[in-house]
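Read-outs: derived from the displayed coordinates by stated rules, not from any lab. Since the structure is predicted, the reported quantities are computational estimates derived from the model, not experimental observations. We place every Cβ from the backbone using ideal geometry, glycine too, and count neighbours over all the protein chains shown.
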Amino acid sequence: VDLMEGSKRGSLLSYVVLFTMATLFLLETRAFFTKSLVANLALDRSDDPRIRLNFNITMLDLKCDWAVIDVVSVLGTDQNVTAHVTKWNIDSEGVRKAYKGRNRNQKDIDLYDETVIETLEELHANGEDAVELNMETLQFAKNENDFLFVDFYASWCSHCRDLAPTWEKLAELMVDAGEKLGKQHPEDYTDEDFEAAEKVELPVMIAKVDCVKNHELCNQQEDIRAYPTLRLFVDGERWSGGDYRGHRTVLEMVEWLYFVEEKQQTDENLRQLHVAHQAARERLTGENASDEEKKWQDQMVRNKKRLHHEWVQEEHPGCQIAGHLLLDRAPGNFHILARSKHHDLAPHLTNVSHMINELYVGDPTAKHWIKEGRSLVPPDITPKLSPLDGNVYKTLDLHESYHHYLKLISTKIDGMKVGSRELRSYQMLANSQLAYYQKDVTPEAKFSYDLSPISVSYSFRTRRWYDYFTSIFAIVGGLFTVFGMLDGILYSATKVATKRRR
């Protein structure tokens, strides 16, 4: 009878049971339709023989002409990368200039004129025509000549030694052409060489500077970083078209001088500047010549200390290098360094400071999907895919460079496929250290990588339908059981209390 009687206690418990049941039902239903991301660790069993490394790196003080990428693997692979790499010139203000081109093998040029058969000693038998200059005389030569063509060389440079007879022959040819010997020319010149030299009407002085003896002049004042550097000065200033980079033959260099002269003559402003320079040179031939000369030399002495620390921003362009590398699935490294087939670079002047715009390993489509949120991954994983992005590694002293050590962890995300092809990414644990080099070794920006034997896979897990219904039935039965027991306890306690009062 008691069980059939209504009570406030029973009504309250019934409402509590219904509310609890509805809440648990909603929570269980939401959990049934929710996918959970589960991480699993296993041995890396990937069958891909290569991995793809994508990069976009800006060299802050290295010309694109000299920037090359080498890849080294423990499997014995050692190659200069030529495919899938592009370069852009970066000016001193950090603005990207015109497309430089792909990283093809550096253009083959003639390093010297094979038609010059005389040795340097034989060419010097009747005197040196290529004038040897130093810090003081170079400035005088700039002031005294409309065109000054200078070979900045080093005595230890093999390319410089090969070029020396050709350079002396060029100087000899220009001197003879300047003296206007008439239609006949010496027998040791070809018709083409001499006719090309006669076309250059303005005086061209052929000179040379030994950078071993004049290291301050070459390194600080002229910013010479590779030997030989063939530089033209027009009206005392470095020619705006850049250093000579063509074939190092007498004919090619004379034709280039003729091209520069024609270009300068068509510019009316430069012709006026030439007259002004001529008037300034004539001042040194008057009564005050010795005073002017002394004043100029004193100024040069004062400038020596200033030149040692002077940084000319325009003379330090950069290079943005972008592309991808297909690397062996084994430990190895790739490095960006300065190298030229046609120059001997000065190691102590090589600056490989760099900024990493983007560096990651894996399929670019996978990276794009993760970035756009099309593939769900834990929030702490995304920064680990490219932890070096946006970092700048600047070296302040000579003979040093940053080395980067990368531990790669293969990462597979369930459902990330294009057709039947799975898209893989690699988490990256990075460590960067400053490395120091010997004085005769060229620094390089080095990236060493190693693959972890453990791979991480992320999969989505959902509940089975029978688990869901089992949970629903358990909730209904369990609540009735628990609250029935609770109601019985409260009823018994109330009945005992009532009897005691009586």
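Using 0.36 nm times the number of residues separating D380 and Y405, minus their current alpha carbon distance, what extension gain do you get?
6.9 nm
Starting from the 7 Å offset along Cα-to-Cβ, what nm value, one decimal, do you get for the label separation of L486 and R501?
So the two model labels end up 2.4 nm from each other.
Cut-off 17 Å, label point 7 angstrom out along Cα-to-Cβ of S457: give me the residues of region 31-54 whose amide nitrogen falls inside.
36-48
If you stretched the chain out fully between E132 and S432, how much longer would it get, using 0.36 nm times the residue separation minus the C-alpha to C-alpha distance?
Fully extending the segment from E132 to S432 adds 103.4 nm.
Given a Förster distance of 25 Å, report the FRET efficiency between A474 and V38 from their Cβ-Cβ distance, rounded to the nearest 0.05.
The pair A474/V38 has a calculated efficiency of 0.55.
So between E237 and D344, what do we pick up on full extension, going 0.36 nm a residue minus the alpha carbon distance?
The span from E237 to D344 would gain 36.0 nm if fully extended.
What residues from region 463-502 fall in the zone where the backbone N is under 17 Å from a label point 7 Å along the Cα-to-C-beta line of L12?
Output list for this probe position: 483-498.
Across bins of 5 angstrom width beginning at 0, how are the C-alpha pair distances of region 413-502 distributed, in whole percent?
2, 8, 8, 8, 7, 7, 7, 6, 6, 6, 5, 5, 5, 5, 5, 4, 3, 2, 1, 1, 0, 0
Can you give the net charge of the other residues whose Cβ lies under 15 Å from the Cβ of F33, counting K and R as +1 and D and E as -1?
Every neighbour counted, the sum reads +3.
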